[in-house]
Structure formats: structure tokens, C-alpha cells
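What follows is calculated from the coordinates using simple rules that are stated; it is not laboratory data. Just so it is clear, the structure is predicted and the values come from calculations on it, not from any experiment.
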């Protein structure tokens, strides 16, 4: 796994660009919420509530679908790099165009 590079001043503190078309997002996931939503920043990570239980990988699938839709990218452009069995995860974005990161704070 590539190391996180120095953060660009244009990126939120929980996002690191690790390649020309690759970014990593530090997230804290709260499964079992009433609805999927962004709920702020917690310990330097983007906090996301996910409307799926943490059983049989349902919360991870819902997280990827929610985050991809939020960023306006293909679902296949987003994956979990680490933390599949934890609330703190590292998401990998591999997209041809840089997502609009401001959409994460809406």
C-alpha cells in the first residue's frame, strides 16, 4: 500500500493524493443509522453514517455506494483499502477526473 503523501492545501485534511489519479480518504463509519449522511469530522477523519447494519458486509457495500454517489464517481472507482472490519477505514478513489471534494461537506 502506498504511503500517504503530503496533503495539498486544496484538499480537505482527511484526503491525501497518492498518485496522479488516486486519492485516499480517511473515514470513520457509523453503521445502522436511520439514513446515510455525512456527519462531520471526527479525529481527523470524515464521519459517515450508513443506513445498513454491520453484518455480512452490508455496511461496507452501503458505504461505497453512498460515497461514490456523493462524489459523483463510478462505484467501481472506489474501494476500501484498509479497515474492512473496523469503523475507521481508508477509502481509495481511482478516478480519471478529480472528484469535487466540496460535495463531501454538503
**Study point:** Potential extension, residue 21-residue 85 segment - 0.36 nm per residue separation minus Cα distance
**Key:** 20.4 nm
Exercise for review: Output the Kirkwood hydrodynamic radius of the stretch 10-67, Cα pairs only, in Å rounded to one decimal.
Suggested key: 12.0
**Study point:** Acute angle (nearest 10 degrees) that the helix 58-71 long axis makes with the longest principal axis of the chain, alpha-carbon atoms
**Key:** 40
Point to revise | For the chain, calculated [θ]222 nm from helices alone, where every DSSP H run of n ≥ 4 adds -39500 (n - 2.57) | key: -4500 deg cm²/dmol
Review point. For residue 34 and residue 69 in the same chain, what is the full-extension length gain: residue separation times 0.36 nm, less their Cα-Cα distance, in nm?
Key: 10.8 nm
**Study point:** the chain: Cα Rg divided by the 2.2 N^0.38 Å rule of thumb
**Key:** 0.98
Check your understanding: Roughly how many Å is it from the Cα centre of the stretch 52-106 to that of the stretch 10-45, as a whole number?
Key -> 8
